[in-house]
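S.K.: Got a structure here, written out as structure tokens. Questions coming.
The values are calculated or read from the model by the stated rules, or taken from the named source; none is laboratory data. No experiment lies behind these values; they were computed from the predicted model shown. Counting neighbours? That spans all protein chains shown, and the Cβs are built from the backbone with ideal geometry, glycine included.
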Amino acid sequence: MNNENLASAAPPAALPTGRRGADDPPGEIQEPVAAPTNTWPAWMRLLIMMVLLTFVAILAIALMRQNTSEQRAAGVAPDFEFTTFDGETIRLADLKGKGVVLNFWASWCDPCRAEAALLQEVAQRERDNNIVFLGLDYLDQEYAALAYLEEYGITYPNGPDLQSAIARRYRINGVPETFFITPNGEIDFTVIGPIQSEAVLNQRLDAIRP
């Protein structure tokens with residue numbers, strides 16, 4: 001080989017730093033590429049997180065208040081009429097001047113069973129005090145509802161809420177729900193879920209006594 005050929009032979013191009021070429025010795029490890037660093041200081045990240053959490057909390061509270069106002073009847077109690085399982089027709093307007101306890105229930109509802117005996121006991125106690133207990137059976141079968149009333153010895157007026165018409169007027173979400181209606185026909189309070197104790201029930205009754 002002459003000197004001219006040697007001079008014309010260019011040296012192999014250098015590989016980029018940190019990469020392995022085909023002729024590199026085996027086992028040579030590629031140098032890691034440094035990850036970009038976060039330039040935001042810790043206090044700024046904390047501030048943004050606090051602002052986001054505050055916004056979410058405010059939004060959740062607003063939605064809860066909106067749902068409560070939309071899903072529960074309030075103010076003047078919607079009038080209704082129903083026929084009891086015994087064939088008696090009852091209309092709320094005819095009970096003006098009395099406190100009314102309106103309980104929505106169903107035989108398939110376990111929480112309803114938790115309060116059934118208490119409602120019957122207090123209804124009997126208050127029957128001569130111008131306090132009227134009414135029960136409306138919700139999305140149920142008549143034979144099952146009658147068995148439920150017999151099981152708990154319930155004697156105050158109860159009947160089916162046909163086509164859930166009254167439940168829709170009172171905008172209930174489920175059962176049990178109990179509305180306490182004043183002698184003037186206004187809803188004083190609503191208990192969502194089972195009434196927990198006689199003390200709680202007595203407190204609500206005291207607010208609707210004539």
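S.K.: Scan the stretch 116-164 for residues that are touching a residue at least 40 places away in the same chain (Cβ under 8 Å), surrounded by 13 or more Cβ atoms within 10 Å (Cβ to Cβ) and hydrophobic (A, V, I, L, M, F, W, C) and report the count.
M.R.: 9
S.K.: State which residue is nearest to V122 (Cα to Cα) when the search covers only the stretch 172-210 and only residues that are touching a helix residue (DSSP H, G or I) at 6+ places or on another chain (Cβ under 9 Å) and acidic (D, E).
M.R.: E198
S.K.: Mind checking which residues of the stretch 165-199 are assigned to a helix (DSSP H, G or I) and surrounded by 14 or more Cβ atoms within 10 Å (Cβ to Cβ)?
M.R.: Kept after step one, since they are assigned to a helix (DSSP H, G or I), are these residues of the stretch 165-199: 165-170, 198-199.
Those that are assigned to a helix (DSSP H, G or I) and surrounded by 14 or more Cβ atoms within 10 Å (Cβ to Cβ): I166, A167, R169, Y170.
S.K.: Within the stretch 114-132, is even one residue closer than 19 Å to E88 by Cβ, within 27 Å of the chain's Cα centre (by Cα), of a type in the set (G, A, S) and modelled with pLDDT of 95 or more?
M.R.: no
S.K.: Condition first: part of a helix (DSSP H, G or I), touching a Phe, Trp or Tyr at 6+ places or on another chain (Cβ under 9 Å) and not charged (D, E, K, R). Now tell me which residues in the stretch 112-138 satisfy that. Give the derivation first.
M.R.: Taking the stretch 112-138 and keeping what is part of a helix (DSSP H, G or I), we get 112-126.
Keeping just the survivors that are touching a Phe, Trp or Tyr at 6+ places or on another chain (Cβ under 9 Å) gives 112-113, 115-117, 119-120, 122-124, 126.
Those that are part of a helix (DSSP H, G or I), touching a Phe, Trp or Tyr at 6+ places or on another chain (Cβ under 9 Å) and not charged (D, E, K, R): C112, A116, A117, L119, Q120, V122, A123, Q124.
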